[in-house]
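One structure is given below, encoded as structure tokens.
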Amino acid sequence: MSIHPSLRLASSVSLVLAFLLLVPAPCLAQPRAPMPDAPASPEKPLVVPPKGTADIVKSLEGYAQDAARVARHRAVLAEPVPGGDDAVVLFRTYMARGAAAEAIGATSEQLESFEKAVEWGRISRTDELPRAIGSLANTQMLVGNWLTAYRLYEEAIAVAGQTFGGSRLAQLTTLVRINTRLGDMNGARQALARAESLFGQLRNSPGMSTWRYNWTTFIERGRGDVLEAEGKLAEAEDAFRRALRNIQQDIPLNDIRLKNPRMSPPQTTTLERLENG
């Protein structure tokens with residue numbers, strides 16, 4: 001099973017906004033060096049979205065991946081999987097393969113690779129296991145297995161403990177979205193309450209200076225999802241607009257993060273793969 005690159009881009013954008021699960025988020029116990037503030041710029045009016053599916057298709061028709069980057073990703077998938085049973089090596093191999101498959105829209109390979117990564121991550125007990133489970137959950141969401149994804153997000157949150165604060169926040173607000181789409185408002189409100197509590201902790205963490213726009217995007221989106229499901233459309237629109245403004249403000253800071261090896265592991269972020277093809 002594969003997805004056309006142009007449609008894959010649309011799905012990736014949705015995942016970036018909805019999950020950003022793989023964006024390296026500092027844990028509460030690990031302070032980071034201060035990040036420079038995003039360059040100040042006047043607020044720009046939001047661009048009116050396409051009016052219908054025909055407009056969306058027309059916009060996507062102009063999308064083209066960088067051939068050289070596609071070739072590099074295909075080369076990763078063409079490499080043989082190492083023999084033996086070294087769990088750490090196999091975990092890293094399958095994480096890299098999953099990232100490469102995701103970048104070129106090879107959905108079947110992406111799903112299989114992240115499943116294997118989680119399998120070997122559990123055996124190796126790597127600290128990166130929450131990230132692998134999150135990657136698998138994102139993929140399950142992409143292929144429409146929402147309930148499976150839901151269980152995986154809960155597992156990732158539990159396995160992470162007090163680490164990966166930003167990732168846990170993203171996962172909790174994704175649970176908010178899933179619950180609202182499934183009509184479980186009680187579950188949505190509970191997930192949002194958990195997200196609000198975590199966001200309060202993150203606001204006082206050293207990472208807030210680095211990830212404030214990213215984290216604020218998550219919580220505003222979660223608030224907007226609940227307000228929308230409650231029929232409070234004006235309040236929901238305000239929350240979604242605040243989320244969009246924070247995404248825009250985070251772009252220059254994200255560029256800096258991606259250039260910092262301490263903040264971008266070899267299995268890089270969904271956002272970086274989206275931007276770099």
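The values are calculated or read from the model by the stated rules, or taken from the named source; none is laboratory data. Keep in mind that this is a model prediction, so the values were computed, not measured. No Cβ is skipped: glycine too gets one built from the backbone with ideal geometry, and neighbour counts run over all protein chains shown.
If you go through the range 101-117 and keep only what is touching a helix residue (DSSP H, G or I) at 6+ places or on another chain (Cβ under 7 Å) and free of Cβ contacts under 8 Å to residues at least 40 places away in the same chain, you end up with 101, 109, 110, 111, 113, 114, 115, 116, 117. Within the range 71-98, being within 15 Å of residue 109 (Cα to Cα) and of a type in the set (A, V, I, L, M) holds for 75, 76, 77, 78, 81, 95, 96.
When the helices (runs of 4 or more DSSP H) confined to the range 142-246 are screened for residues that are of a type in the set (Asp, Glu) and touching a residue at least 40 places away in the same chain (Cβ under 8 Å), those reaching at least 1 such residues are found at 208-229.
Against the test of being at negative phi and surrounded by 20 or more Cβ atoms within 10 Å (Cβ to Cβ), the options 260, 214, 246, 186 yield a single qualifying residue, 214.
The single residue among 241, 262, 221 that is at pLDDT 95 or above and more than 15 Å from the chain's Cα centre (by Cα) turns out to be 241.
Considering the range 138-162 alone, what residues qualify as being touching a Pro at 6+ places or on another chain (Cβ under 7 Å) and surrounded by fewer than 24 Cβ atoms within 10 Å (Cβ to Cβ)? Of everything in the range 138-162, those that are touching a Pro at 6+ places or on another chain (Cβ under 7 Å) and surrounded by fewer than 24 Cβ atoms within 10 Å (Cβ to Cβ) turn out to be 159, 160.
Among the residues of the range 94-128, the ones that are part of a helix (DSSP H, G or I) and either charged (D, E, K, R) or surrounded by fewer than 22 Cβ atoms within 10 Å (Cβ to Cβ) (or both) come to 14 in all.
Per this entry, residue 135 is counted among residues that are buried (at least 18 other Cβ atoms within 10 Å of the Cβ), modelled with pLDDT of 95 or more and among the small types (Gly, Ala, Ser).
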